[in-house]
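Have a look at the structure below before the remarks.
The values are calculated or read from the model by the stated rules, or taken from the named source; none is laboratory data. Keep in mind that what you see is a predicted model, and the values were worked out from it rather than measured. Methodologically, a virtual Cβ is constructed for each residue, glycine included, from the backbone with ideal geometry; neighbour enumeration extends over all protein chains shown.
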Amino acid sequence: MPPRTIVKFGSTSATLLMAERLEHPLVYRQELFDVFSPAGAKALLDLARAWREELQARGTVALAAGGEAIRRNAQLQRELRQLFPVWWPLTGEMEGRLAWMAVKARHPSVDGVIDIGGGSTEVIIAEKTWSFAVGAANASPAMPAWPRELAAVHTPAFIGGTAVSLARWANREWLSVKDAEALQQALANHPEAFREWSSIRLRILPQGLAILMSLAKHAGWSRFLVSSRGLTEGLWLAASLGRVSNHD
């Protein structure tokens with residue numbers, strides 16, 4: 001199978017993935033931006049231009065898509081779509097289904113997926129997807145009313161930058177609310193220990209952890225899995241299966 005190339009423009013990151021097999025990417029890059037800020041949106045656009053030039057030189061056409069911050073910024077989305085005309089205009093719900101597909105392909109026993117992004121949080125079970133316009137970089141004075149159906153989830157998986165940062169800090173993939181609380185406390189009490197972390201990640205991580213803990217406590221989960229897979233891998237799988245639409 002020829003390599004598939006995906007470019008995902010999230011609310012706080014941009015990801016480039018090129019792979020013949022998802023388990024062994026030929027290229028995987030990620031850069032962090034706060035796309036809700038004018039400076040972050042400009043930096044993202046500059047990176048998009050550089051990536052487009054590189055992919056053109058490789059003779060590769062990428063499937064591109066954007067997250068919540070891109071949906072809210074019509075001008076930025078127009079400029080990105082000029083650079084990447086093979087564009088999948090995703091809703092929050094579709095983001096969730098694609099992430100679900102990617103996580104289930106690696107972790108078949110998972111029966112609930114929580115994607116805490118920079119601009120939105122998707123909650124996915126087999127029968128339904130919810131998308132909430134609150135994320136790690138998109139603070140809200142109060143948490144949403146999370147779905148009651150989560151109480152029936154036995155094997156939850158959290159994905160996204162917040163969850164992956166927590167798992168790397170704890171050095172394991174099965175975690176609990178106590179781990180999230182410990183990281184929050186460490187961030188507050190020992191900031192010097194996180195000097196090598198991205199300033200954007202450090203700024204948005206407390207809100208992301210608050211969302212994670214709110215959901216885990218709401219559902220009564222004593223432990224949960226963190227998966228490194230998410231929307232980018234879901235887009236790759238959909239492209240490989242030919243299940244892509246670039247029409248609004």
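Numbers for the structure displayed
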| item | result |
| --- | --- |
| Scope segment 90-107; condition charged (D, E, K, R) and more than 14 Å from Ala157 (Cβ to Cβ); matching residues | Glu93, Glu95, Arg97 |
| From the options Trp174, Trp169, residue that is of a type in the set (Phe, Trp, Tyr), in the same structural domain as Trp100 (by TED's automatic domain parsing), touching a helix residue (DSSP H, G or I) at 6+ places or on another chain (Cβ under 7 Å) and modelled with pLDDT of 95 or more | Trp169 |
| Residues (more than 22 Å from Gly234 (Cα to Cα), outside any helix (DSSP H, G or I) and small (Gly, Ala, Ser)) located in segment 33-67 | Ser37, Gly59 |
| Residue in segment 191-203 that is nearest to Gly161 (Cα to Cα), counting only those that are touching a strand residue (DSSP E or B) at 6+ places or on another chain (Cβ under 8 Å) and assigned to a helix (DSSP H, G or I) | Arg201 |
| Test: residue in segment 180-195 that is buried (at least 19 other Cβ atoms within 10 Å of the Cβ), over 16 Å from the mean Cα position of the chain (by Cα) and either at pLDDT 95 or above or closer than 30 Å to Arg78 by Cα (or both) | yes |
| Pairs, first more than 14 Å from Leu83 (Cα to Cα) in segment 39-59, second surrounded by fewer than 13 Cβ atoms within 10 Å (Cβ to Cβ), C-beta under 8 Å, six or more apart | none |
| Test for Ala142: is it more than 28 Å from Ala65 (Cα to Cα) and not in a loop (DSSP other than H, G, I, E, B) | no |
| Count of segment 75-93 residues which are touching a residue at least 24 places away in the same chain (Cβ under 8 Å) and either in a helix (DSSP H, G or I) or acidic (Asp, Glu) (or both) | 6 |
| Members of segment 205-231 found to be surrounded by fewer than 18 Cβ atoms within 10 Å (Cβ to Cβ) and in a loop (DSSP other than H, G, I, E, B), listed by number | Gly220, Ser222, Arg223, Ser228 |
| Number of the condition not met by Lys104 [criteria: (1) more than 14 Å from Thr232 (Cβ to Cβ); (2) assigned to a helix (DSSP H, G or I); (3) touching a residue at least 24 places away in the same chain (Cβ under 8 Å)] | (3) |
| Segment 3-50, subset loosely packed, with under 14 Cβ neighbours inside 10 Å and within 20 Å of Ala105 (Cα to Cα), residue nearest to the chain's Cα centre (by Cα) | Tyr28 |
| Which numbered condition Val153 fails, given (1) closer than 29 Å to Leu45 by Cβ; (2) buried (at least 19 other Cβ atoms within 10 Å of the Cβ); (3) not charged (D, E, K, R) | (1) |
